[in-house]
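Written out below as structure tokens is the structure these notes cover.
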Amino acid sequence: MSEPAVRICSLADLTDGEALRIDVEGHRLCVVRLDSEVYAIGDRCSHADVSLSEGEVEDCAIECPKHGSAFDLRTGQPLSLPAVRAVPSYAIEIVEGEVMVELS
């Protein structure tokens with residue numbers, strides 16, 4: 001990670017296969033744990049200002065609860081319409097059980 005990472009939660013705070021909204025330093029994140037991996041993307045759907053963390057997680061994607069657009073948790077890229085723009089994705093590192101994110 002090139003920028004100093006910020007602690008956002010403990011790994012134990014995340015339930016496998018479920019999204020959690022975390023607000024940190026002016027960023028609204030959708031954080032998802034899938035087995036041993038943790039992903040963080042912007043929490044606002046690029047199609048409508050809806051919280052992605054309220055959506056369903058399937059495979060390595062999350063579905064917007066309002067219009068059904070799915071976003072890749074690894075890249076933030078939309079996988080289905082009506083969204084056509086990506087949401088930000090953030091680098092994650094696990095350090096001694098703590099989830100760290102690079103916000104830049």
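Of the residues Ser69, Ser80, which is free of Cβ contacts under 8 Å to residues at least 40 places away in the same chain, of a type in the set (Gly, Ala, Ser) and within 20 Å of Glu18 (Cβ to Cβ)?
So the residue among Ser69, Ser80 that is free of Cβ contacts under 8 Å to residues at least 40 places away in the same chain, of a type in the set (Gly, Ala, Ser) and within 20 Å of Glu18 (Cβ to Cβ) is Ser69.
Being surrounded by fewer than 16 Cβ atoms within 10 Å (Cβ to Cβ), of a type outside the set (Lys, Arg) and at pLDDT below 95: is that true of His67 here?
Criteria met by His67.
Pull out all pairs, ordered by first then second residue, where Cβ-Cβ is under 7 Å, the residues are six or more apart or on different chains, the first lies in segment 17-40 and is in contact (Cβ under 8 Å) with a residue 24 or more places away in the chain, and the second is surrounded by fewer than 16 Cβ atoms within 10 Å (Cβ to Cβ) and among the acidic types (Asp, Glu).
So the pair list comes out as Leu34/Asp16.
When you check Ser104 against the structure, is it over 9 Å from the mean Cα position of the chain (by Cα), part of a loop (DSSP other than H, G, I, E, B) and either touching a residue at least 60 places away in the same chain (Cβ under 8 Å) or surrounded by 21 or more Cβ atoms within 10 Å (Cβ to Cβ) (or both), yes or no?
Considered against the rule, which asks whether it is over 9 Å from the mean Cα position of the chain (by Cα), part of a loop (DSSP other than H, G, I, E, B) and either touching a residue at least 60 places away in the same chain (Cβ under 8 Å) or surrounded by 21 or more Cβ atoms within 10 Å (Cβ to Cβ) (or both), Ser104 comes out as yes.
Please list, ordered by first then second residue, the pairs with beta carbon atoms under 9 Å, 6 or more apart or interchain, first in segment 2-14 and among the hydroxyl-bearing types (Ser, Thr, Tyr), second surrounded by fewer than 11 Cβ atoms within 10 Å (Cβ to Cβ).
Filtered contacts from segment 2-14: Ser2/Ser104; Ser10/Gly97.
Inside segment 89-98, can you point out the residues that are surrounded by fewer than 17 Cβ atoms within 10 Å (Cβ to Cβ) and either of a type outside the set (D, E, K, R) or within 15 Å of Ala19 (Cα to Cα) (or both)?
Listed by number, the residues that qualify are Ala91, Ile94, Val95, Gly97.
Considering only segment 87-104, I want to know if a residue exists there that is at pLDDT below 95 and among the small types (Gly, Ala, Ser).
So far as segment 87-104 goes, yes, one or more of its residues are at pLDDT below 95 and among the small types (Gly, Ala, Ser).
If you take the residues of segment 73-87 that are surrounded by fewer than 15 Cβ atoms within 10 Å (Cβ to Cβ) and under 18 Å from Val50 (Cβ atoms), which of them is nearest to the chain's Cα centre (by Cα)?
Arg85
Can you give me the ranges of the strands (runs of 3 or more DSSP E) entirely in segment 1-58 with at least 2 residues that are on the phi < 0 side of the Ramachandran plot, surrounded by 14 or more Cβ atoms within 10 Å (Cβ to Cβ) and not hydrophobic (A, V, I, L, M, F, W, C)?
27-34, 37-42
The values are calculated or read from the model by the stated rules, or taken from the named source; none is laboratory data. Keep in mind that this is a model prediction, so the values were computed, not measured. So basically every Cβ, Gly included, is an ideal-geometry build from the backbone, and we count neighbours across all protein chains shown.
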